[in-house]
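Notes follow the structure.
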Amino acid sequence: MGTTRDAAVVAEPPATHAAELAIGSRLDELGRASAWLDRFADSLDLPPEMRFRLDLGLTEAVTNVVAYAYRDSAEHEIRIRLQAEGGAVSLEVEDDGVAFDPLQAERPPVPSSLAEAPIGGLGIHLIRSMLDECHYRREAGKNRLTMVARPHASDAPGC
C-alpha cells in the first residue's frame, strides 16, 4: 500500500513591476516623463495621493538635475526607473552630473509668510517631506536618487 503525501502549498512571490525611461537633460522632457509615470501608475491602479507624490518627486528631482547637475551645455541622458513591489513603488533618477547628495543639503528655514518665502530651493525639502523613503548613492560616476512611496490615507510621510 502506498502512502499519500499532501502537496506542499507554495506561495507565489509578490508580483514585481518595473519600467525604465531615458530622457534628455531638458525641462521639456518632464511632460513625457510624467505621462510615462502616469501610465505605470494606471497599470497598477495606484491611488491618486500616491501618484501625486511620485510625480512631485519625479518633477523636483529631474528639475534639479537639469538646472544644477551639469557644467556644460551638452545634452545628457537622465534615466528614470520605477519598480513596484508589495504595495510600495520606488522611483530612481540617475544622472551623470557632478556628484551631489541632495539628502545632505540643509533643510531650508520655514518662512513666516508666503511673501518671505524664497523662489526656488524647496524641491529637495518637498521630496523629503512627501516621500516615505529617500536614498542617494554615487555609483560608476552617476548620481542615483531613489525615492519610495507607499500607499497611505492622509498621514504625513517624510524621509
**FRET E, pair V98, R32, Förster distance 22 Å, beta-carbon r, rounded to 0.05** = 0.35
**Prompt:** When the solvent-accessible surface of protein heavy atoms is calculated with a 1.4 angstrom probe, in what order do R51, R107 fall, highest first?
**Reply:** R107, R51
**Prompt:** Using a 1.4 angstrom probe with every protein chain in place, what is the largest-first accessible-area order of D45, D55, D96?
**Reply:** D45, D96, D55
**Complete:** Rounded to one decimal in nm, the spacing of the 7 Å Cα→Cβ label points at R71 and S129 is 3.3 nm
**Prompt:** To the nearest 10 Å², what's R144's accessible area with a 1.4 Å probe?
**Reply:** 40 Å²
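The values are calculated or read from the model by the stated rules, or taken from the named source; none is laboratory data. Keep in mind the model is a prediction, meaning the values are calculated, not measured. Ideal geometry is used to build each Cβ from the backbone, glycine not excepted, and the neighbour counts take in all protein chains shown. To get the accessible areas, we keep the full protein, side chains included, count just its heavy atoms, and leave off ligands, DNA and RNA. Shrake-Rupley method; radii C 1.70, N 1.55, O 1.52, S 1.80 Å.
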